[in-house]
1. Just subtract the alpha-carbon distance of Arg168 and Val182 from 0.36 nm times their residue separation and send over the number in nm, one decimal.
2. Express the accessible area of the range 104-163 per residue in Å², computed with a 1.4 Å probe while the remaining protein chains stay in the model.
3. Determine how large the accessible area of Thr148 is when every protein chain is in place; take a 1.4 Å probe and give Å² rounded to the nearest 10.
4. Distances longer than 18 Å among the Cα atoms of the range 74-193: what percent of all pairs is that?
5. For the range 97-145, with the dipole built from +1 on Lys and Arg beta-carbon atoms and -1 on Asp and Glu ones, taken about the Cα centre, which of Gly116, Leu128, Pro102 lies farthest toward the positive end?
6. Using a Förster distance of 30 Å, how high is the FRET efficiency between Gln76 and Leu32, based on the Cβ-Cβ distance and rounded to 0.05?
7. Select from Leu158, Gly190, Gly200 the residue farthest towards the positive end of the dipole of the range 140-204; place +1 on Cβ of Lys and Arg, -1 on Cβ of Asp and Glu, and compute about the Cα centre.
8. Dimensions of the range 117-158 along principal axes (Cα, Å, largest first)?
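The values are calculated or read from the model by the stated rules, or taken from the named source; none is laboratory data. What you see is a predicted model, and the numbers here were worked out from it, not measured in a lab. Note that we place each Cβ from the backbone using ideal geometry, even for glycine, and neighbour counts take in every protein chain shown. The area values use the complete protein model at the heavy-atom level, side chains included, leaving out ligands, DNA and RNA. Shrake-Rupley method; radii C 1.70, N 1.55, O 1.52, S 1.80 Å.
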Amino acid sequence: MSRYRFAIDNVQAHLRSLWLIIGLQMVVIAALCYGWSRAPEHLTVHIPPDLRSGAVQYHTEVPAASVYAFAFYLFQQLNRWPEDGSRDYGRAIFRIAPYVTPRYRAELLANLDEKGRRGELAYRVRALQGIPGLGYAENRVDILDSQTWQVWLDLELLESVKGMTVKRTRIRYPLRVVRYAVDPEANPWGLALDGFGADGPRRLTDADLLGEEPAHANQ
């Protein structure tokens, strides 16, 4: 009889140890579920354009090529006035508002008001386009710190009034780009234009157009 009692006690002790293990597993599963629920639903990873030799990319790192592409695209959109600058300029500022810092937006609105008072917007059509051979290169993006870059854009500015060309100029624009991850829904890039850096825009020289100097050699 004592042998059976001993066997029953062993089984009960084993069952208690199994219940203890199950309890610990439930605690671990609950902790994993909590951690999973707290993980971000979306991660933005900037993929470098040249992957021929492979790349290791962290989700917090923004490659220079992505910063350049962002600045080029947004600045081109800002300066696209397809019909009438008196209407199109304001619309462009409003359209790209999530992609500019409050300081630069205030500068743009002040510039809009000044140009309007001077009569420099009415019936004016404007466009910016890249210059062949003067596109992206590593020396066109300066890393100022972990949150700030300066991008050098060499672009051709085209303007016309009532179908008559009034300006066709090639200009170098030094643009500041900053991290600005305040509204991922409206701005998935997590970047923003912050105005001009260095000494501001200037006309390109013949040496610049021939590509004989680095992008910011004359700044």
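1. On the way: separation 14, 0.36 × 14 = 5.04 nm, distance 3.72 nm.
Length difference between fully extended and current span is 1.3 nm.
2. Values: 3180 Å² over 60 residues.
Roughly 53 Å² per residue, with all protein chains present.
3. 10 Å²
4. On the way: 4150 of 7140 pairs.
Percent of Cα pairs beyond 18 Å in the range 74-193: 58.
5. Gly116
6. On the way: r = 46 Å, r/R0 = 1.55.
Computed FRET efficiency for Gln76 and Leu32: 0.05.
7. Farthest towards the positive end: Leu158.
8. On the principal axes, the range 117-158 reaches 41, 27, 10 Å in Cα extent.
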